[in-house]
Structure formats: structure tokens, C-alpha cells
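Below is one structure; the comments refer to it alone.
The values are calculated or read from the model by the stated rules, or taken from the named source; none is laboratory data. Quick caveat: nothing in here was measured; it's all calculated off a predicted structure. These area figures cover heavy atoms from the full protein model, side chains too; ligands, DNA and RNA do not enter into them. Shrake-Rupley method; radii C 1.70, N 1.55, O 1.52, S 1.80 Å.
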Amino acid sequence: RRFTATSGRYFISIKLSFTGGESYLPLFRNRFLSWTAIILVLFVLVVSIIFNILLGLNKTKFVDAANTLISDRLDVGYMAYIFPNIVVIKDAVLVPNDDLDPALAIKLPAITAEFFFQEFILRQNEVVRKIKLYSPNLHHGYFSDFLKRNGKQVLDFLLQLPHIDFRFSVKEALWDFTVGAGSPDCVNLNFVFWMKKDTVWVQGAARKDKYT
């Protein structure tokens, strides 16, 4: 009986000791995950800060490069980087350089451009893969003249981009056909231009809305 009781106590002590050792595993795992999350957050913050500083310093350079491509003038409100591979351009405006009415501008409230992050980090090569325009406002008269003056240059630029996989899209564009002081006459337009290797897709949809 004594031997049985002693072995029972011994067995219980071993079991408690083994269970107590297991309790360190969840604690170690939680600390590891916490430090990993902190390091990732710090990495994202540092990269975002550096890229936004670079964008601010090179904003004029980007705008000047665009203005050498087209005959009209591009003005940009501000540019921001979103981790990992998106650049946001806000409050951009295209205005004519000739005697056209400057009020008939092409307003681009928001533009996003996605690039290959790995290509940029490894080779410092800025390869844009997606450009999306959100809710642009296009006056028919000025937009038609803009395409006549700059359509070929813009198309040549798009065709010179790497054909791996590039997409240009316009979402909820407002195409204004209003003449003079008449009633608003607008069309809502969605458009996608997609190049993949040697294949090109073009898709669009228009909706006539009533305005009062």
C-alpha cells in the first residue's frame, strides 16, 4: 500500500511537471508573433515614409515628363504612395496651352498607378502595370480637341510599355456634351484597355443619365 501510494504521488508529480512545461510554448509563440507583427509594421511605415518623401521631391520631375509627352499642361494636386506598389495622384487637371477656354479642363479627381514592386527594388526599374482613372470629368469639345492633338503620342506611349500585362481603365467618367447654357447633357462612361503580351483587349460601356 505504501508503495502504491508513493508511486501514485510520483506519477502525479511527473504529470504536473510535464503539463507546466507545455505552458511555455503558447507564451513563446505569442511573443514571437507579436515581435514579427511589430517588425512588419515598422517595415511598412519606413518604406511608406521613404517612398512618399521621394515622390514629393520628384513630383515636378514626373509632371514635366508628362508635359513633354502632350501639348497641353498637366497640373497635379499631390501624390502619395500606398504600400506595397500603388501611387495615388489626386486633383490632377489637364488645361489647354492655346486659346481654348481654360474652364473646359479635363478634371481627374483621383488616379492610381500600380507598379512591379520587386522590379523596382531589384533593378530600380519603374514598370507600371495598371493605371486607373476615377470619376474624370471630360468636356466633349475640349476632350475631342485633346485627342486630335495628343492621341497619337498617348497611344505610342502605351504601346511602348512592356506588354507583359498592362491595363488602363476609366471608371465612372462623366462625358459632358452640354452646349452653352442649355440643359445638362452627360454620358457616364466606363472603359478598359488591356495589353497582355501581343494581345490587346478594349472594352467599354456608356450610360445616359438624366440631369436637371
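Here are the numbers for this structure:
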quantity: ILE50 open to solvent by 100 Å² or more (accessible area, probe 1.4 Å) and modelled with pLDDT of 90 or more; calculated: no
quantity: Residues being modelled with pLDDT under 85, within 17 Å of the chain's Cα centre (by Cα) and at positive phi - total across segment 120-164; calculated: 0
